[in-house]
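Engineer: There's a structure below that I have some questions on.
We did not get these values from a lab; they are worked out from the coordinates using the rules stated. Note that the structure is predicted; figures quoted are calculated from it, not measured. Please note: Cβ atoms are built from the backbone with ideal geometry, for glycine as well, and neighbour counts cover all protein chains shown.
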Amino acid sequence: MVITTVLNGRAGMPAFKDDINDADLAAILTYARTTWGNKGAAIKPTEVAAARAAARAEAKARGLQAH
Ligand code: HEM
């Protein structure tokens, strides 16, 4: 999912979870999904918060230390 990619990073892409808050990331992704002719749906700050919480819960379940 696009939200988790930006929160947690992937391959060569760094994680931004400590640097971009829910409202800002929602705005960034909504911008990317609605400009340059893109017709994606807007991303809400509540969706970013939910993805953040899910990633945290998953890391805890796997016994990974939060950082
Ligand atoms: C807020 C800024 C950024 C956004 C919104 C963003 C968004 C994304 C997204 C959505 C993907 C996945 C594309 C796909 O699914 O095919 C991606 C992949 C990637 N991004 Fe970013 N990105 C950002 C900043 C950066 C920065 C600063 C770097 C490098 C320093 C970077 C490097 C990469 C790389 C290398 C990939 C490919 C990862 C892979 O092979 O799986 N991104 N980015």
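Engineer: Using only Cα atoms, find the angle between the long axis of helix 45-61 and the longest principal axis of the chain, and express it within 0 to 90 degrees, rounded to the nearest 10.
Structural biologist: Relative to the chain, helix 45-61 is tipped by roughly 20 degrees.
Engineer: Now a separate question. Mind checking which of A23, A42, G63 is farthest towards the positive end of the chain's charge dipole, using Cβ charges of +1 (Lys, Arg) and -1 (Asp, Glu) about the Cα centre?
Structural biologist: Checked the options; the winner is G63.
Engineer: Right, here's the next one. What dipole magnitude, in Debye to the nearest 20, does the chain give about its Cα centre under +1 on Lys/Arg Cβ and -1 on Asp/Glu Cβ? List each step's numbers first, then the result.
Structural biologist: Details: 9 positive and 6 negative charges, 45 e Å.
The calculated dipole for the chain is roughly 220 debye.
Engineer: Counting pairs of alpha carbon atoms under 8 Å apart in space and at least six apart in sequence, what relative contact order in percent does region 10-67 give?
Structural biologist: 26 percent
Engineer: May I pose another question? By how many degrees, between 0 and 90 and to the nearest 10, does the Cα long axis of helix 22-34 differ from the longest principal axis of the chain?
Structural biologist: The helix 22-34 is inclined about 40 degrees to the chain.
Engineer: State the Kirkwood hydrodynamic radius of the chain in Å, one decimal place, computed from all pairs of distinct Cα atoms.
Structural biologist: Numbers: mean 1/r = 0.0795 Å⁻¹.
One decimal place: 12.6 Å for the Kirkwood radius.
Engineer: Straight distance only, please: which aspartates and glutamates reach the Cα of K44 with their own Cα at less than 12 Å, same-chain residues fewer than 8 apart left out?
Structural biologist: By straight Cα distance, K44 reaches D22, D24.
Engineer: Using only DSSP helix segments of four residues or longer, with each worth -39500 (n - 2.57), what per-residue ellipticity at 222 nm results for the chain after dividing by its residue count and rounding to 500? All intermediate terms of the calculation are to be shown ahead of the outcome.
Structural biologist: Numbers: 3 runs with 37 residues, N = 67.
Mean residue ellipticity, 222 nm, calculated: -17500 deg cm²/dmol.
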